[in-house]
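Shown next, in structure tokens, is the structure this report addresses.
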Amino acid sequence: MTATAVAEGPAGSPVGAGGPAGAPAAGRNELGTISISESVVAKLAAQAAVEIPDAGAAAPRLLGRSLSGAGGLGVRATSLAGLPKASAHVDGSIALIRLEISVRWPASVPAVTTAVRDHVRTKLTELTGLHVPEVTIEVTDLVTTADQPVRRVR
């Protein structure tokens, strides 16, 4: 038989009970400080965003402008398979996320962005223990099946 000892913090609460599955939450706690890089949080947010079927990579940019449907100009085409552009600002245990995504046409843009926002919040909280009060989303392109490259078999 085995026994597991649980360290207790102030008021008899288990140490580290604030995060997912009893893990310590990000930020300052009685054990010290846990910090997660903003670039890591941004990559996790981008990956979580593409887990929604109608969301994908942002439109390519040239000189600061989005190029919707730019595949014919020698610039990569917008793809639902690629990761969207993401940035994060982490302050202690709070993360603010900004995403640039494309949406599959004719899906509802409000429905897709709501699904992305909810999924990113849930996934980041689950994986990092960070509180995500704000996910700002910019839709840069609508992607149709005609925009996707045709794969040919020889």
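The values are calculated or read from the model by the stated rules, or taken from the named source; none is laboratory data. This one's a predicted model, so the numbers in the text were calculated from it and none came from an experiment. When we count neighbours, we look across all protein chains shown, and the Cβ atoms used for this are built from the backbone with ideal geometry, even at glycine. Protein only, heavy atoms only, side chains kept; ligands, DNA and RNA dropped before computing areas. Shrake-Rupley method; radii C 1.70, N 1.55, O 1.52, S 1.80 Å.
See the values below:
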read-out	value
Residue within segment 64-76 that is modelled with pLDDT of 90 or more, in contact with a helix residue (DSSP H, G or I) (Cβ under 8 Å, 6 or more places away or on another chain) and open to solvent by less than 70 Å² (accessible area, probe 1.4 Å) present	no
Candidate set: segment 27-63, residues that are at pLDDT below 70 and open to solvent by less than 60 Å² (accessible area, probe 1.4 Å); chosen: the one farthest from the chain's Cα centre (by Cα)	Asn29
Residues (of a type in the set (A, V, I, L, M) and in a helix (DSSP H, G or I)) located in segment 89-112	Val109, Ala111, Val112
Condition met for Ala115 (part of a helix (DSSP H, G or I), of a type in the set (Gly, Ala, Ser), buried (at least 20 other Cβ atoms within 10 Å of the Cβ) and at pLDDT 90 or above)	no
Any hit, segment 124-135, residues being buried (at least 18 other Cβ atoms within 10 Å of the Cβ), part of a helix (DSSP H, G or I) and at pLDDT 90 or above	yes
